[in-house]
Every structure is written in structure tokens, then in C-alpha cells.
Amino acid sequence: MTLPVPLVDGVTLRLLRPDDGPALAAAYARNREHLAPWEPVRPDAFWTAARQTAQVGVALSEHAAGRGCPLVLDDDGAIVGRLNVSDVVGGAFLNGHLGYWVDAARTGRGLMSAAVRAAVDLARDDLGLHRLQAATLPHNAASQRVLDRAGFTRIGVASRYLRIAGEWQDHVLFQRILDDPPTSTG
Ligand SMILES: CC(C)(COP(=O)(O)OP(=O)(O)OC[C@H]1O[C@@H](n2cnc3c(N)ncnc32)[C@H](O)[C@@H]1OP(=O)(O)O)[C@@H](O)C(=O)NCCC(=O)NCCS
């Protein structure tokens, strides 16, 4: 797959770049309240351009080592979302974990549905993976809808799986076997 991938309304999905730290810090600042219920509690330093630049360096090192694929949703230079394939494992597993968010002002336009579909193709064709897994909070209906539309299937509930918003919370686990055709086209 050739990146960047066009998504919706001129927004593209592209690889994270070394100079993205300030744009990422701006995006996280805009979306602090929007993301709070769905993410870990962040330390104060997280919100700075310096920390975001450092995190970009780590993510690009992981990418170079074949352990992940850090992508951003770009609207004319502004970062309006993220999508990461992380914790890539080879061998008999060939698995990655999927995480994502969209700017509060851009939700409900099909952006993440298009991005996750592109990530499925990229994980299969470029990363050579067999499977992607995603985990959502049980009440995250929008995220579950995105996964359903991209052909993910619900495989169960993991108790107290991730520490989100300061609490160890149950998550619904989803998987997509990448060679399978989508089970849902909604
Ligand atoms: C989840 C998230 C990424 C979805 O991004 P998005 O670009 O708005 O997603 P899409 O527009 O492609 O699709 C969203 C779908 O969920 C539906 N939806 C939204 N809110 C919903 C709700 N409360 N109940 C049921 N469905 C809902 C939308 O109607 C849409 O489905 P449709 O196209 O069939 O109408 C975005 O809401 C977000 O960033 N949330 C905060 C962070 C987060 O939850 N990340 C994922 C953690 S697992």
C-alpha cells in the first residue's frame, strides 16, 4: 500500500514524521477532554511538544525495528487523529494491536472507519501480519461500530484489562484475521 492514503474530506493517513512533535502536542491539547475517558491518565509532561517529539522518536524506532506502525490523520499539516499498530510479534503469532482516535471536531464523518480499513490492508500487505487485535471499553459504541464495519469480530471480554482514566477497566476484545474477507460491510 502506498502511503499517504486518502480518507475523507481531504484528510490523509500517513506515517508519523520526526518533526510531528509540536503538531501532536497541539492535537492532544485540543482533545484533552475528548480523550480522557478512553485513555490512561497522562503525566503533565505528556502534553508538551518536547515529550511528544521524544515519543515520536521512540515510535519511529519501533517502526524501524518492525515492531509497530505509527500513523497520523493529516489535514493540510494539522494532525486530526492517530492510528497505531503496536506490539507487533512475529513467529507463529504475526499479530499487532490496533489503537486510534479522531479529533473531537471530526468525529462521525467516517474518518476512522476509512482509516481502520486502510490499516487492515497495510497490516496484511505491508507488515505481513496474520491478525490484528483491538480492545474497547464496553460502552465505547462508536469504536465498536468502527471495528464492526472493518470486519473485526468480538472474541470476548477481558476483565480489568487496561488502566483507563485511572481505573483498571474491563475491555471487549476484537480480532480481524487479515486473510478473511470482512464479515460486515456496514
Ligand atoms: C471511536 C472514534 C475513533 C470513532 O471515530 P469516527 O471517525 O467518529 O468514526 P466513524 O465516523 O468512522 O464511525 C463512527 C460510527 O459510530 C457511530 N456512533 C458514534 N457514537 C455512537 C454512539 N454513542 N452509539 C452508537 N453508535 C455511535 C456513528 O454513528 C458511526 O456509525 P455509522 O457510520 O454507522 O453511523 C472516535 O469517536 C474517537 O476518537 N473517540 C475517542 C477515542 C476512542 O474512543 N478511541 C478508541 C479507543 S478503543
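Throughout, read-outs are computed from the coordinates displayed, never taken from laboratory work. Please read these numbers as outputs of a predicted model, since none were measured by experiment. Positions of Cβ are backbone-derived with ideal geometry, glycine not excepted, and every protein chain shown enters the neighbour counts.
Length gained on full extension, Phe46 to Ala64: 4.2 nm, using 0.36 nm per residue less the C-alpha separation.
Per the Debye formula on identical point scatterers at the alpha carbon atoms of the chain, with no solvent, log10 I(q)/I(0) at q = 0.16 Å⁻¹ is -1.06. In the stretch 5-129, a dipole from Cβ-located charges (positive for Lys and Arg, negative for Asp and Glu) runs towards its positive end, and of Leu122, Ala92, Ser61 it is Ala92 whose Cα lies farthest in that direction.
Cα centroids of the stretch 23-47 and the stretch 134-186: 22 Å apart. Taking Cα centre as origin and charging only the Cβ of basic (Lys, Arg, +1) and acidic (Asp, Glu, -1) residues, the dipole magnitude of the stretch 66-154 rounds to 360 debye. Translational diffusion of the stretch 62-112 was estimated from the Stokes-Einstein equation, with Rh taken as the Kirkwood radius over Cα pairs; at 25 °C and 0.890 mPa s the coefficient is 201 µm²/s.
Using the crude model of +1 on Lys and Arg Cβ and -1 on Asp and Glu Cβ, and no other charge, please compute the dipole size for the stretch 5-129 relative to its Cα centre, in debye to 20.
Values: 12 positive and 15 negative charges, 33 e Å.
About 160 debye.
Applying 0.36 nm per residue to the separation of Thr107 and Ala141 and subtracting their alpha-carbon distance, the gain on full extension is 11.0 nm.
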